[in-house]
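To start, the structure under review is shown below, and the notes come after it.
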Amino acid sequence: MSLRTLFAGDLHVVNVGLESFAQPLRDSGVDVTSIDWRPPAHGDDELGLDLARLVGHPLVEASNAVAMDRILAVQPLWVDVCPAREAIPALAERRLLLHAGPPIAWAEMCGPMRAAVVGAALLEGWASTPAEAERQAASGGIEFEPCHHHDAVGPMAGIISPSMPLIVVEDPATGRRSYSNLNEGQGRCLRYGALGDDVMDRLRWMSARLGPSLRAALRSLPERVNLRSLTAQALQMGDECHSRNVASSALLVRELAGALAQHPDLGGHEALEFLRGNNYWFLNFSMAASKLATMAGHGVEHSTVVTAFARNGVEVGVRVSGCGDSWFTAPAADVEGLYFPGFGPEDANPDIGDSAIAEVHGLGGFALAAAPAIVGFIGGTPSAARRISEEMATITVTRHRDYQLPGLDFVGAPVGIDVRAVVDTGTEPTITTGISHREPGIGQIGAGITHAPLECFIKALRAFPALPVEP
Amino acid sequence: MSVRNVVHENLYFDSVALMRVAASLDDRPGIEAVSLVMATDANRDVLSDAGLLTDEGRAAGPNDLIVAVRGNEAALVEALSDADAALSQPWSPTDGTASPSHAASPRRLVGAPEGANLALISTPGRYAAAEALKALRHGMHVFIFSDNVPVQQEVMLKQEAHQRGLLVMGADCGTTILNGLPLGFANAVRRGDVGLIGASGTGLQQISTLLDSMGVGISQLIGVGSHDLSAEVGGLSMLTALDALAEDPSTNVIVLVSKPPAPAVAGEVLARAAAAGKSVVVSFLGSDVRAPAPQVVVASDLREAARAAARLSLGADVPAVEAPDLSPLVDTLPGRWLRALYAGGTFAYEAELLLRPVLGAISSRVERYAPGRVPRLPDSHLVLDLGDDVFTSGRPHPMIDPATRIEFLRAAVRDPASAVVVVDIVIGHGAAEDPAGALAPVIAEAAGSPTAPLVLAFVVGTGHDPQNLGEQEQLLRDAGAVVVDDSTTAAEVAGDVLTKIGATR
């Protein structure tokens, strides 16, 4: 029995609690690891014990391994661009708009999301004035559902309306598909709640010219674009593929440039001009690819792996593989960031957008060690960025095989947020994100760092289905 | 307020780096707004909207960098010059958030290194079971110092451990020595062939230190927690440890010590002891168990348990130590009551057990105790366990902090009704640095008074303990106390003196 080996071998001690227990052992030359302990689950001792029952449990460990195998097996190929109504039938059947984050009613929506709803209603011709659009939304004339409920993701307000062109990403092994809209660029954009002729003109141009030219270009490529290999390359070039997409956008444009140039009639040349100046172009691809991967890991019984984290500007929510389709929500957190001239924290809307799906897939804050150019968000040093990536590795199940972090000697990006680890350590996932003005119609005012609130994970753990009686 | 733009031609910086420089200048007195941007069309529009664009900026091209500032004239000049300096500096950390790249302490037990085989847990009791369960799931043995762990959680932990072939020491476990290494409170005793298992921390310390004084060492000393031998827990850890010591080639003699177990548990432990294949000394204080087999020896007190184990280990009798004859003192003692003020709960229990038959009624509590107030002592014999929850809620245990005991000791030596005061001094790892030194002034202060009672003391420890047995005993003697060897002797001597007083008055 193992007590014999305890008497025979050396002690390797873990100390949880009073440090005075560790010192005499250290003085005697014993290896002692002190845990930087604090009460798990915000001090809820009953939930803490429930959590402990899940720790090291063979069913949970096996289920998490299955979920991660499915997530990491996905090959996200960019296969098409088409109007949203063709990709998502519900958009053709009902007067429906998709939005970012967990479900939310019009009356509760934050300023930027309301503005984006108004913009979409004008774009679709459902209303001819903003006031009319608001009346329709308020009277139930427009339905609202989360993008996530339709295998889609949208950054910031995340409004998807029937005529908007969508990126279609497919996993060839399963035929599973995910979607995102096309990125409008920086500054005044509908996704940040900016309204105006400039914004509407660009949206109309994207539907009429950008979408069709991209579709034609894509179809003339010899093979589909594998977003996973493109992301892996970009991580070697300074992107973390959430708030920094400069390299990935350039790589993707390089793939498309020749083909776009061959379709001037459809808008290929204008598209090239537009893409030249859009440093966020790849973000929506990164999101769609991340959604495709994480949705593959959803629905594994007994798995504590997080498969979505999304924010609607009022609430944020997580979904967990073994917890069905419920959202576990908390009030949206503030973003700590750097601001454009003339704006400050008092202008900022709380955290918003589906883009944190990137973190759920090991990118963004989890891959911060790959992106020295944006370390300004977290104190300004590459070592701080490395520390965040390392800290995120303490709350994930595994590491990505392809997504490697040069700043950490090419170790894989931490992936697969484990509800158990978040609640046990109190370490909240770090998210890199843009900042939207809280008033409708203004737009992006900065960018920075936020965290997925512990409360979401505590609620998910409370709702986690009981395990069968242990063997 | 005025606005100034400075254009750096063909100078590229990433936007985040520029925003960072801007943020560092933004909050200065006299500065209203700062922006550093590459002069793209879009960025010039943003500056224009913010009222930060001048003709210089308007003329800049996309490869140029604009530094735009609005503020009072003096502040503007300084800010622009500092912006220049910041742009020409090599990148360097500007705050304290950078740290060496060594790994931080893990935040959870699961993050402990591979190969860890023992977890020490001293969190508040309501969190302890969760941490212990995580440790067991990762293949670690567990020592739980925390008390107030619900008994059903202790049962759950010990069942989990049993299935995994692991040992749970605790909850409420004060002492263990594994492979010569002290966990919690433990004395520097020599190593040898006696293995001890106990539900009583001070009982284990008393037996192990007495063995040390007899030249006998210990192989392992395993605390199982004060509730282990209850009916609910069923002695799960004592049985596991007993099996382990039965198989341990370094252990020839086993000692089991506890306050009285639940009867069914006592029966199961004795049956297992009889089958251990080694000599087993059983000291279940206050329990009338009988030896079920020749190799099981039942000892009625702690001193006898130590002597029996030493006899078995050495294969020879251990000479008895003469107790001091204090009968000459009897006539000088003013009062008639016992005041035994223990830090060790097992000593209080043993004292009541030994003295009730000779002294009759003994009180074990005081009325209306409040820290900082002079304690009221009863008009009767008194045996107190000052480690009890009544005295330790919100205060450290008297083995760590002598404050509560000093209050009681002072009250006892000043009380003319006191005849004999008994104190235990427990030293070793984990105990106070100089416990005898803390009590000695109180004893000395009373020693000169004609109404001073007899102070009997014993020190639990060895010459190798950090506080040193001999030095602690000498401090007590110098203060006027009579020092005896152990808890059992102290109770007996007190009983003798008090019996004589009772017979003469």
Discussion item. Tell me yes or no: at least one residue of segment B:126-134 is in a helix (DSSP H, G or I), more than 7 Å from every other protein chain (Cβ to nearest Cβ) and at pLDDT 95 or above.
Written reply: yes
Discussion item. So if I check each of B:Ala490, B:Ala431, B:Ala457, B:Ala481, which one is over 20 Å from B:Arg303 (Cβ atoms) and aliphatic (A, V, I, L, M)?
Written reply: B:Ala431
Item to complete: Check B:Val151 against each of (1) within 11 Å of chain A (Cβ to nearest Cβ); (2) more than 19 Å from A:Gly17 (Cα to Cα) and name the one condition it does not meet.
Response: (1)
Discussion item. Exactly one condition in (1) without any contact (Cβ under 8 Å) to a residue 40 or more places away in the chain; (2) more than 30 Å from A:Ala65 (Cα to Cα); (3) not small (Gly, Ala, Ser) is false for A:Gln233; which is it?
Written reply: (2)
Practice prompt. Check B:Ala74, B:Ala79 and return the single one that is surrounded by fewer than 16 Cβ atoms within 10 Å (Cβ to Cβ) and under 13 Å from B:Ser2 (Cβ atoms).
Written response: B:Ala74
Worksheet item: Taking segment B:450-470 only, how many residues are surrounded by 14 or more Cβ atoms within 10 Å (Cβ to Cβ), out of contact with any Asp or Glu (no Cβ under 6 Å at 6 or more places or on another chain) and not in a loop (DSSP other than H, G, I, E, B)?
Response: 6
Worksheet item: Looking at (1) over 30 Å from B:Ala50 (Cβ atoms); (2) touching a Pro at 6+ places or on another chain (Cβ under 6 Å); (3) not acidic (Asp, Glu), which is the only condition A:Thr381 fails?
Response: (1)
Worksheet item: Given the structure, is A:Ser34 among the polar types (S, T, N, Q), within 7 Å of another protein chain (Cβ to nearest Cβ) and over 19 Å from B:Ser146 (Cβ atoms)?
Response: no
Discussion item. Condition first: touching a Ser or Thr at 6+ places or on another chain (Cβ under 6 Å), buried (at least 22 other Cβ atoms within 10 Å of the Cβ) and farther than 20 Å from A:Ala333 by Cβ. Can you find one or more residues in segment A:419-434 that meet it?
Written reply: yes
Item to complete: Could you please let me know if B:Gly180 is in contact with a strand residue (DSSP E or B) (Cβ under 9 Å, 6 or more places away or on another chain), assigned by TED's automatic domain parsing to the domain that holds B:Arg303 and in contact (Cβ under 8 Å) with a residue 24 or more places away in the chain?
Response: no
Worksheet, complete the sentence: Among residues of segment B:27-53 being surrounded by fewer than 20 Cβ atoms within 10 Å (Cβ to Cβ) and part of a helix (DSSP H, G or I), the residue farthest from the other protein chains (Cβ to nearest Cβ) is B:Ser48
Worksheet entry | Matching residues in segment B:161-187 - criterion: being at the interface with another protein chain (Cβ under 10 Å from one of its Cβ atoms), surrounded by fewer than 20 Cβ atoms within 10 Å (Cβ to Cβ) and farther than 16 Å from A:Ser20 by Cα | B:Gln163, B:Arg164, B:Gly165, B:Asn179, B:Gly180
Worksheet item: Considering segment A:382-428 alone, what residues qualify as being over 20 Å from A:Ser286 (Cβ atoms), more than 9 Å from every other protein chain (Cβ to nearest Cβ) and acidic (Asp, Glu)?
Response: A:Asp409, A:Asp418, A:Glu428
Discussion item. Suppose we filter segment A:377-389 for residues that are without any contact (Cβ under 8 Å) to a residue 60 or more places away in the chain and crowded, with 19+ Cβ neighbours inside 10 Å; how many remain?
Written reply: 9
Worksheet item: Is it the case that B:Val383 is farther than 30 Å from B:Arg191 by Cβ, of a type outside the set (Lys, Arg), modelled with pLDDT of 95 or more and not assigned by TED's automatic domain parsing to the domain that holds B:Phe185?
Response: yes
Fill in: Qualifying residues in segment B:429-449 (those that are under 24 Å from the mean Cα position of the chain (by Cα) and either in a helix (DSSP H, G or I) or outside the structural domain of B:Ala412 (by TED's automatic domain parsing) (or both)) - the one nearest to B:Leu498 (Cα to Cα)
B:Leu439
Discussion item. For segment B:54-91, give me each residue that is in contact with an Asp or Glu (Cβ under 6 Å, 6 or more places away or on another chain) and within 14 Å of chain A (Cβ to nearest Cβ).
Written reply: B:Arg70, B:Gly71
Worksheet item: Of the residues B:Glu114, B:Glu154, B:Glu131, which single one is within 18 Å of A:Ala421 (Cβ to Cβ), within 19 Å of the chain's Cα centre (by Cα) and either not assigned by TED's automatic domain parsing to the domain that holds B:Ala231 or not aliphatic (A, V, I, L, M) (or both)?
Response: B:Glu131
Response to the item:
Filtering segment B:379-409 down to residues that are of a type in the set (D, E, K, R) and either on the phi > 0 side of the Ramachandran plot or under 14 Å from the mean Cα position of the chain (by Cα) (or both) yields B:Arg395, B:Asp401
Worksheet item: Yes or no: B:Ala447 crowded, with 24+ Cβ neighbours inside 10 Å, closer than 24 Å to B:Leu382 by Cβ and out of contact with any Phe, Trp or Tyr (no Cβ under 6 Å at 6 or more places or on another chain)?
Response: no
Fill in: Filter pass, A:Asp50 being charged (D, E, K, R), under 22 Å from B:Glu160 (Cα atoms) and more than 7 Å from chain B (Cβ to nearest Cβ)
yes
Worksheet item: Which one is surrounded by the fewest Cβ atoms within 10 Å (Cβ to Cβ), of the residues in segment A:338-376 that are within 11 Å of chain B (Cβ to nearest Cβ) and among the aromatic types (Phe, Trp, Tyr)?
Response: A:Phe343
Worksheet item: Here is a list of conditions, (1) farther than 21 Å from A:Ala330 by Cα; (2) touching a residue at least 40 places away in the same chain (Cβ under 8 Å); (3) in contact with a Pro (Cβ under 8 Å, 6 or more places away or on another chain), and A:Phe343 meets all of them except one; can you say which number that is?
Response: (3)
Worksheet item: Among the listed residues A:Leu98, A:Leu3, which satisfies the condition of being touching a helix residue (DSSP H, G or I) at 6+ places or on another chain (Cβ under 8 Å) and within 10 Å of another protein chain (Cβ to nearest Cβ)?
Response: A:Leu3
Worksheet entry | Qualifying positions in segment B:298-340 - assigned to a helix (DSSP H, G or I) and either more than 37 Å from the chain's Cα centre (by Cα) or surrounded by fewer than 18 Cβ atoms within 10 Å (Cβ to Cβ) (or both) | B:Glu304, B:Leu314, B:Ser327, B:Pro328, B:Leu329, B:Val330, B:Asp331, B:Thr332
Worksheet, complete the sentence: Scanning segment B:233-265 for residues that are more than 14 Å from chain A (Cβ to nearest Cβ), among the aliphatic types (A, V, I, L, M) and over 25 Å from the mean Cα position of the chain (by Cα) gives B:Val253, B:Ala262, B:Ala264, B:Val265
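The values are calculated or read from the model by the stated rules, or taken from the named source; none is laboratory data. None of these values were measured; they are calculated from a predicted model. Quick reminder, even Gly has a Cβ in these numbers, built from the backbone with ideal geometry, and neighbours come from all protein chains shown.
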